[in-house]
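Bear in mind these aren't lab numbers, they're just calculated from the coordinates by the rules spelled out. Quick caveat, the model's predicted, so the values are computed rather than measured. Note that we place each Cβ from the backbone using ideal geometry, even for glycine, and neighbour counts take in every protein chain shown.
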């Protein structure tokens, strides 16, 4: 029996990366899935590959009518909505604060923050009536620590997503509707290539190089993978997480946990050497 058997679900931004991987996991666990995105060709191909329990709807999550339409479509077709994963995202402007253009800043907030607001706004009345449902919003470790994204705009938006999600969780929880965030660390997807200005196809070709670059970021010596996020999303969409609400689930291999052990010990040894103490590794703390 699948963990999501019979669940009616929507995943935004599902034509690549985390969204696509999560769609594959949801279908494998028995859910009926609507995937959305702006790339019609890719979306249709993914839906066809995943079979009869997956369909695609071209959607711009920055447009309220589009967001309302995707939710109305699933409710009209299936009579309910059990899970909404607000996953859609995009790179944000980087650079010094004085260099960031206002229009770029505002455009990024529309994709990264306003889309989450719109998804919750239109899913809420459906789930309230049901007295059940799980909303999952994609956060980031950049919401917790400055410097974990190349863009302060991105970190700002994700911090707002985490706070907004918690606030809505306190409200909708009274109707047995859960709202949680997943905050990924360094996940090997094409997003890094897109940040560098590559087109979608070229960006997807950078994933193997990204894996190598991310492997040393955290105590666990590998990059994060889309599957790591997909498995967490399955859990939060399932009844196994029915008492989890208002939580930010960080999946980062330990990035935000603190300073890594080995560099810390190297620094301590350098300090001992500077003090003329010599090698006292047997006394490491």
Original post:
Per residue, what volume in Å³ does the Cα convex hull of the range 56-100 take up?
Top reply: 101
**OP:** Round to the nearest 10 and give me the degree value, 0 to 90, for the angle of helix 40-50's Cα axis relative to the longest principal axis of the chain.
**Re:** 90
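Sorted by mean Cβ packing within 10 Å, highest first, what order do the peptides 195-203, 73-81, 61-69 take?
Ranked from most to least packed, the peptides come out as 61-69, 73-81, 195-203.
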**OP:** Quick one: go through the range 226-258 and flag any residue whose amide nitrogen is under 19 Å from the point 7 Å out along the Cα-to-Cβ line of residue 170.
**Re:** 244-249
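Return the Rg/Rh ratio of the range 200-248 with Cα-based radii and a Kirkwood Rh. Walk me through the numbers before you get to the answer.
Numbers: Rg = 14.9 Å, Rh = 13.1 Å.
Here the Rg-to-Rh quotient is 1.13.
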Original post:
On average, how much area does the Cα convex hull of the range 1-134 cover when viewed from any direction, in nm²?
Top reply: 8.8
Subject >> Square roots of five times the Cα gyration tensor eigenvalues for the range 161-272, Å >> reply: 31, 23, 12
Subject >> Rg to Rh quotient for the chain, alpha carbon positions, Kirkwood Rh >> reply: 1.03
